[in-house]
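*Asks:* Pasting a structure below so you can have a look.
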Amino acid sequence: MDLLDRYLQAVKKHLPWQRQDDIIAELKANLESQLEDKEAELGRPLTALEADEWIKQLGSPIQVAAAYQPQRYLIGPAIFPTYWYVLRLATLWCTVIYSIVSAVQIFSGGIANGNEVLEAVLRLPGALITTVAWVTLIFAVIEYGITHSQTKWVPMVPPAVAWSPGNLPSFVKDPVTGKKPRSFAQAVAEAVVEFFLLVWLLLIPGHPWVLLGPGALYLQGSPFQLGPVFMQFFWCVVALSVFQLGWRCLDLARGTWQNPRQAQKNVMQVVGLIPLVLLLTVPNHAAVVLKHPALDQVRYGVTLNTINQGIYRVALIIFVIALIQTIVDFVKLGISAYRKRVGAI
Amino acid sequence: MTATDNIFENLRLELRRGCLTLAVLAQLRQEYYGYTLRKALADLGLEIDESTLYPLLRRLEAQGLLASEWREEEKRNKRFYRLSADGEQIFGQLLEEWQAINASINATINNTL
């Protein structure tokens, strides 16, 4: 039957070459027997339409051939959890290392230029894709090795398997807030936002408009300029941002992103007061200074004083609010620790 | 096909997969070639697609549970399969397992009715 031969020829093309002749010979014998039975039942050969229907019902050549192939994976279920774990770590450390190297490269040439920072940010996705590609390639090779060696790969089980019940983290419940623990996606999103916030901060010295908008032009033409304390304030904020980003990355790497420690929050609250203290302790509250004091002191002295007083008062209000919040949080932490201790007794 | 139909179909296929292997091993205590085995199982009420049965025979043979030989019958070369010594042993174990599961499920069903 011509149609059957054509069908088997199409199936053969998709079979493993070492076994294709054998499989086709067997399949042909089986299908010819089936055809004979059908024709014997009908008492006549199949019509073209019936033959067409019958062949169609056998399934497409690719599908039929695929059933003879062993199940294949690029990365199989046995090592997928390990792959996913390593991939997360690799992308995270790639981001951290890349950020540090880029920062060193940029700042070793003096104060950052906005373009260099932007270029570094735009190169990051390429670095991440390369990392993902290498990790995937390595695991695909491992999968191939496992599949073809039939070895029991004990070291390839995820690190989580080598666990002991004693090492399990203590149970964390949050009955007061009833909040859901942070998801991995949320934690990653926070780290990414923190990263872009850092990039934005680093762009400010070279491109003040990213902070002040059109006000940057006004500042350029005005007799006033930000005093040296603002650079100290700025680098303090940058350091805080780097600290915060590092902490988030550490949480992700250690798998503790779901419930970040309260102590972390408290430390950040305290350290966050430092830039405000800098602003408040500047001699004569001179956060803003005149570009040409000798020429403009008489004309703009009063205005300058008003601006500096305004900045001081705003900074003081923010500082007081932040301090009260910090004290309240510390008191809560103390009460909670006391309750735990009493509960334990 | 609705989501429920899909779930049912997936579960049905999962349930059938192991049972088909057992049925094929049981039937191959006697020698058959692919098509006649399919007919014999269909006569017993177990319809199996060609695209499922023939590759399954290959896999079971590769695992050493079946032995096969090419032989001419009715002027046509056919590959005949039957249970190997290892196949017989494993079939016995699987049968026990299946009977135990079957008995447990029946007991569970009767208990809850």
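*Asks:* Among what's in the stretch A:15-33 and is of a type in the set (S, T, N, Q) and facing chain B (nearest Cβ under 8 Å), pick the residue that is farthest from A:Tyr68 (Cα to Cα).
*Replies:* Among those that are of a type in the set (S, T, N, Q) and facing chain B (nearest Cβ under 8 Å), it is A:Ser33.
*Asks:* Of the numbered conditions (1) open to solvent by 50 Å² or more (accessible area, probe 1.4 Å); (2) within 13 Å of chain A (Cβ to nearest Cβ), B:Leu37 fails exactly one; give the number of that condition.
*Replies:* B:Leu37 satisfies all of (1) open to solvent by 50 Å² or more (accessible area, probe 1.4 Å); (2) within 13 Å of chain A (Cβ to nearest Cβ) except (1).
*Asks:* Could you figure out which of (1) more than 48 Å from the chain's Cα centre (by Cα); (2) within 14 Å of chain B (Cβ to nearest Cβ) isn't true of A:Glu53?
*Replies:* All conditions pass for A:Glu53, except number (2).
*Asks:* Take the conditions in a strand (DSSP E or B) and more than 11 Å from every other protein chain (Cβ to nearest Cβ) and apply them to B:Arg82. Does it pass? Spell out how you get there, then give the answer.
*Replies:* Details: in a strand (DSSP E or B): yes; more than 11 Å from every other protein chain (Cβ to nearest Cβ): yes.
Yes: the conditions hold for B:Arg82.
*Asks:* Scan the stretch A:233-256 and give yes if some residue there is at pLDDT below 75 and open to solvent by 60 Å² or more (accessible area, probe 1.4 Å), otherwise no.
*Replies:* There is at least one residue in the stretch A:233-256 that is at pLDDT below 75 and open to solvent by 60 Å² or more (accessible area, probe 1.4 Å).
*Asks:* Would the stretch B:45-65 turn up any residue that is over 16 Å from B:Ala23 (Cα atoms) and among the charged types (D, E, K, R)?
*Replies:* No, because not a single residue in the stretch B:45-65 is over 16 Å from B:Ala23 (Cα atoms) and among the charged types (D, E, K, R).
*Asks:* Could you give every pair whose Cβ atoms fall below 9 Å, whose first residue belongs to the stretch A:320-342 and is farther than 18 Å from A:Gln264 by Cβ, and whose second residue is open to solvent by less than 70 Å² (accessible area, probe 1.4 Å) and hydrophobic (A, V, I, L, M, F, W, C), counting only separations of at least 6 or pairs across chains?
*Replies:* A:Leu323/A:Leu273; A:Leu323/A:Leu276
*Asks:* Additional query: Identify, from the list A:Glu26, A:Glu32, the residue that is open to solvent by less than 40 Å² (accessible area, probe 1.4 Å), among the charged types (D, E, K, R) and part of a helix (DSSP H, G or I).
*Replies:* None of the other options fit; the residue is A:Glu26.
*Asks:* For the subset of the stretch A:184-221 comprising residues that are free of Cβ contacts under 8 Å to residues at least 40 places away in the same chain and among the small types (Gly, Ala, Ser), which member is farthest from A:Ala287 (Cα to Cα)?
*Replies:* A:Ala185
*Asks:* Which condition breaks for B:Gln93 when tested against (1) modelled with pLDDT under 95; (2) exposed (fewer than 14 other Cβ atoms within 10 Å of the Cβ)?
*Replies:* All conditions are met except number (1).
*Asks:* Based on what the data block shows, is A:Glu36 within 11 Å of another protein chain (Cβ to nearest Cβ) and either at pLDDT 85 or above or out of contact with any strand residue (DSSP E or B) (no Cβ under 6 Å at 6 or more places or on another chain) (or both)?
*Replies:* Values: within 11 Å of another protein chain (Cβ to nearest Cβ): yes; either at pLDDT 85 or above or out of contact with any strand residue (DSSP E or B) (no Cβ under 6 Å at 6 or more places or on another chain) (or both): yes.
So A:Glu36 passes the test.
*Asks:* Now a separate question. Identify, please: which residue in the stretch B:63-79 is outside any strand (DSSP E or B) and among the charged types (D, E, K, R) and is, among those, least open to solvent (accessible area, probe 1.4 Å)?
*Replies:* B:Glu74
*Asks:* Can you run down the residue pairs with Cβ atoms below 9 Å, 6 or more apart or on separate chains, where the first is in the stretch B:85-108 and free of Cβ contacts under 8 Å to residues at least 24 places away in the same chain and the partner is open to solvent by 70 Å² or more (accessible area, probe 1.4 Å) and not in a helix (DSSP H, G or I)?
*Replies:* B:Asp86/B:Gln63
*Asks:* Please verify whether A:Asp2 is without any contact (Cβ under 8 Å) to a residue 60 or more places away in the chain and more than 9 Å from chain B (Cβ to nearest Cβ), treating the condition exactly as stated.
*Replies:* yes
*Asks:* Going by the conditions given, is B:Leu22 within 25 Å of A:Leu15 (Cα to Cα), assigned to a helix (DSSP H, G or I), open to solvent by less than 80 Å² (accessible area, probe 1.4 Å) and not acidic (Asp, Glu)?
*Replies:* Numbers: within 25 Å of A:Leu15 (Cα to Cα): no; assigned to a helix (DSSP H, G or I): yes; open to solvent by less than 80 Å² (accessible area, probe 1.4 Å): yes; not acidic (Asp, Glu): yes.
Spelling it out, it is not the case that B:Leu22 is within 25 Å of A:Leu15 (Cα to Cα), assigned to a helix (DSSP H, G or I), open to solvent by less than 80 Å² (accessible area, probe 1.4 Å) and not acidic (Asp, Glu).
The values are calculated or read from the model by the stated rules, or taken from the named source; none is laboratory data. Everything numeric here is computed off the predicted structure, so don't read it as measured data. Please note: Cβ atoms are built from the backbone with ideal geometry, for glycine as well, and neighbour counts cover all protein chains shown. Remember, those area values only see protein heavy atoms, side chains included, never the ligands or the DNA or RNA. Shrake-Rupley method; radii C 1.70, N 1.55, O 1.52, S 1.80 Å.
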